[in-house]
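Chemist: Structure provided below as structure tokens; questions to follow.
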């Protein structure tokens, strides 16, 4: 169980300035809570995040294409249905079915990617303050016992409305 | 309350949470009366006639040789068409980063899901023996027969089920942060429910990052899916050899018609929602102005394709094309419907040229309702003016829907209304976090 300090801010720039200051002082484990997506604003401070979900989407689409093709052609092979000289293995229906399965599997794999990286669902009790789903921006910093006072002071000086020490389970 | 500087709006973040949660937790008597009526409509106008049809057989419908596709399929196409609203308003406007999307897209996405669901139920109604539905599943049945993927009806099964799955995922995952916001403000059973539904969302930078990436991909995937869905629905007709149906223009015609009716559906819904949920400050006349422009463009496109269809048939001057056109345009009762459709879908939307009329809620309501009446007629005419005049005159036979079919059609509207009434109480119908994005990020220093 580690200690952490949570500061709640009204203004995003105050919070980001505090995060920047703490990062520069060597506190690497910083988490930001916000009621809206901050995107670019955060990237300046916490650094750019890679987008691994796209590989999942691509892999899903690829798998889906093969599943669809296999279904359309494979079933035609398993139950041959001759219709007046028409192709047993027809291109057009195969394209349509594999188009749909490409998208279906693409969606499923994207979903898997999201769930995996966002680590959801997670029903364990974690550090959280309901104010961050309303109008507060939270800054959570993992600290050792000795640094609590310093971090609390930095957060308060940067404009945090409320600073509390919390325990991580 | 936090004081927010440098924001675009007077509304505070806290107010958004309070307003949206209020729409979910406070219900007047009117709400329960509407819910009761819609449930009664579903039971008495849809489920009971359906049970009667299953018990008695398809003979209770007006379907007979050569018309085996009637009003059920009309409803199927109509509801699939309505579903395109969510895709257009949510996915396309998300990709193009259109700000006015934010307060209306959640309801549009829900509308997509509910209308696909309504359409899907009509497939079961139309089947006659719905318990044989598993025959369309991709596995060999009792006689070791696999599916015939070369049938457009099988394309449909795949397209519709993919669309329903994708639209449900799109709606749900875009709502997770709002479900968490609701979780934090409610008590009792609601707290338990939204606690489970929000999957433990805390709004961390990592969670937002991955949600944004995944949501973008969902949006990118759902646009070509929506186009394919209505193209495939059109191929149920266009890939046959029936005069009046066998047309190359059908796929784009159906897609345009779907977006048109879906957008009109969303206008109607927004008029009702903003009034009944008292969310006028989130759904403003600006939204109606923008949606009005969209309707106008779609109306012109739709009318163009209609003129084209008549013109190419006229130019070809073949007996079967002429017969199909004459039957649709000049033979009562179809001619009345046809010209009513032209009035509601081509002439009436021209009112939207004027900015003042676009911003008028009443005009928006009348025009949007008119469009969907016209779009329902369009689908009805496609089926009922082609199949009865198939090939040689000895097999011609007119179709008129029976009372059972009409009842189930009205019942489907009750079903949709019922789903929506439940939705507005169980789901945040306005996106809390996106409306906040619209308000602006609270910054102390300007130009940060």
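The values are calculated or read from the model by the stated rules, or taken from the named source; none is laboratory data. All values reported here derive from a predicted model rather than from experimental measurement. Reconstructed Cβ throughout: ideal geometry from the backbone, glycine too, with neighbour counts over all protein chains shown.
Chemist: Quick check on residue A:147: is it in a helix (DSSP H, G or I) and assigned by TED's automatic domain parsing to the domain that holds residue A:11?
Modeler: Yes; evaluated as a whole, the condition is true for this residue.
Chemist: For segment B:179-194, which positions are closer than 20 Å to residue B:429 by Cβ and more than 7 Å from chain A (Cβ to nearest Cβ)?
Modeler: B:179, B:182, B:183, B:185, B:186, B:189, B:190, B:191, B:193, B:194, listed by residue number.
Chemist: Now for a different question. Is segment B:144-155 home to any residue that is assigned to a helix (DSSP H, G or I) and at pLDDT 90 or above?
Modeler: Within segment B:144-155 (the criterion being assigned to a helix (DSSP H, G or I) and at pLDDT 90 or above), the answer is yes, since at least one residue qualifies.
Chemist: Further, regarding this structure: Do we find that residue A:67 is assigned to a helix (DSSP H, G or I), more than 30 Å from residue B:437 (Cα to Cα) and not assigned by TED's automatic domain parsing to the domain that holds residue A:15 in this structure?
Modeler: Yes: the conditions hold for residue A:67.
Chemist: Sticking with this structure for a sec: Of B:154, B:164, B:111, which residue is within 19 Å of the chain's Cα centre (by Cα) and within 11 Å of another protein chain (Cβ to nearest Cβ)?
Modeler: Within the list B:154, B:164, B:111, the selection yields B:164.
Chemist: Mind listing just one residue for me: the one in segment A:6-23 that is outside any helix (DSSP H, G or I) and closer than 24 Å to residue B:439 by Cβ and, of those, farthest from the other protein chains (Cβ to nearest Cβ)?
Modeler: Among them, the one singled out is A:7.
Chemist: Same structure, new question: Looking at the structure I just gave you, is residue B:42 at pLDDT 90 or above, over 21 Å from residue B:160 (Cα atoms), part of a helix (DSSP H, G or I) and within 19 Å of the chain's Cα centre (by Cα)?
Modeler: The answer is yes for residue B:42.
Chemist: For segment B:289-322, enumerate the residues that are touching a helix residue (DSSP H, G or I) at 6+ places or on another chain (Cβ under 6 Å) and more than 13 Å from residue B:353 (Cα to Cα).
Modeler: Answer for segment B:289-322, where residues must be touching a helix residue (DSSP H, G or I) at 6+ places or on another chain (Cβ under 6 Å) and more than 13 Å from residue B:353 (Cα to Cα): B:301, B:302, B:303, B:305, B:313, B:321.
Chemist: Can residue A:3 be described as surrounded by fewer than 23 Cβ atoms within 10 Å (Cβ to Cβ), at negative phi, part of a strand (DSSP E or B) and at pLDDT below 90?
Modeler: yes
Chemist: Quickly run through segment A:91-135 and pick out the residues that are within 7 Å of chain B (Cβ to nearest Cβ), assigned to a loop (DSSP other than H, G, I, E, B) and buried (at least 16 other Cβ atoms within 10 Å of the Cβ).
Modeler: A:120, A:128, A:134, A:135, listed by residue number.
Chemist: Determine which member of the set B:412, B:368, B:429 is surrounded by 21 or more Cβ atoms within 10 Å (Cβ to Cβ), more than 14 Å from every other protein chain (Cβ to nearest Cβ) and within 30 Å of residue B:181 (Cα to Cα).
Modeler: Just a single option satisfies the conditions, and that option is B:429.
Chemist: Looking at B:103, B:85, which one is out of contact with any strand residue (DSSP E or B) (no Cβ under 9 Å at 6 or more places or on another chain) and under 15 Å from residue B:259 (Cβ atoms)?
Modeler: None of the other options fit; the residue is B:85.
Chemist: Related question: When residues of segment A:24-46 are filtered for being under 22 Å from the mean Cα position of the chain (by Cα) and either in a helix (DSSP H, G or I) or not assigned by TED's automatic domain parsing to the domain that holds residue A:132 (or both), how many remain?
Modeler: The total comes to 7.
Chemist: Tell me which of these residue B:136 doesn't satisfy, since it passes every other one: (1) surrounded by fewer than 21 Cβ atoms within 10 Å (Cβ to Cβ); (2) under 25 Å from residue B:379 (Cα atoms); (3) modelled with pLDDT of 90 or more.
Modeler: Single failed check for residue B:136: (3).
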